[in-house]
1. Determine the gain in length on full extension of the stretch residue 45-residue 179; use 0.36 nm per residue of separation and subtract their C-alpha separation, reporting nm with one decimal.
2. Once you charge only the Cβ atoms, +1 for Lys and Arg and -1 for Asp and Glu, what is the size of the charge dipole of region 51-141 about its Cα centre, to the nearest 20 debye?
3. Quick check on the chain: helices-only [θ] at 222 nm, where DSSP H runs of length 4 and up contribute -39,500 (n - 2.57) each and the sum goes over total residues. Nearest 500, please.
4. What does the extension gain come out to for residue 115 and residue 21, with contour length at 0.36 nm per residue minus their alpha carbon separation?
5. Can you give the charge dipole size of region 1-120 about its Cα centre, rounded to the nearest 20 debye, using +1 on the beta carbon of Lys and Arg and -1 on the beta carbon of Asp and Glu?
6. Take the Cβ-Cβ distance between residue 126 and residue 31 as r, set R0 to 22 Å, and report the resulting FRET efficiency rounded to the nearest 0.05.
7. Applying the Karplus parametrisation 6.51 cos²θ - 1.76 cosθ + 1.60 with θ = phi - 60° to the phi angles of region 139-149, what ³J(HN,Hα) value in whole Hz is obtained for each residue in order, glycine and proline being reported as x?
8. Can you give me the Rg/Rh ratio for the chain, using Cα atoms for both radii and the Kirkwood formula for Rh?
Amino acid sequence: MSRIGRMPIAIPAGVTVTVAENNKVTVKGPKGTLERVLAPEMEIKVEGSEVVVNRPNDLKRMKSLHGLTRTLINNMVVGVTAGYEKVLEVNGVGYRAAKSGKELTLTLGYSHPVVMVDPEGVETVLDGQNKITVKGIDKEKVGQYAAEIRDKRRPEPYKGKGIKYADETIRRKVGKTGKK
């Protein structure tokens, strides 16, 4: 039995979870509403103040979907209560970020500034010129947008220049050595 799939999801106060036909789960909370259509084979039930996910049989696909379904619902509940955020750091001489409205402008050593527009449901907050915080209620969207920002200039291993996650460590390499 899936250890994660078995665990019930506690529904905090102020959050409502509804399951419609075809396993369309809607989670409403203080920060907003999230909807997602989950695998129709899984049995999702709201029992009192918790959500329980059961699987119909022990086929490999059902075992895989069991834990996934439970985690996706849990991420939605956490999203509408606490929300998600990822912190990125811009390192390098002359590298900086600026924000105007929904546009994030990155100066990353290219011949042109890189302009990115915040997607729906995700916002970026700047702390100084080199700390970008991506916030939102949908874990997937927050992670995806943070990854897209990081992709504009990934950290390089020699000087560590580029955009990295705040909790990421860059494996440094030793540079060239001079002739003797």
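1. Result for the pair: 41.2 nm of gain on full extension.
2. Dipole size: approximately 440 debye.
3. Using -39500 (n - 2.57) per qualifying helix, the result is -7000 deg cm²/dmol.
4. Stretched fully, the residue 115-residue 21 segment lengthens by 29.7 nm.
5. 280
6. For R0 = 22 Å, the calculated efficiency reads 0.55.
7. 4, 5, 5, 4, x, 5, 5, 4, 5, 5, 5
8. Taking Rg over the Kirkwood Rh, I get 1.12.
The values are calculated or read from the model by the stated rules, or taken from the named source; none is laboratory data. Owing to the predicted nature of the structure, the values given are computational and were not obtained by experimental measurement. Ideal geometry is used to build each Cβ from the backbone, glycine not excepted, and the neighbour counts take in all protein chains shown. Please note that ligands, DNA and RNA were not included when accessible areas were found on the heavy atoms of the full protein model with its side chains. Shrake-Rupley method; radii C 1.70, N 1.55, O 1.52, S 1.80 Å.
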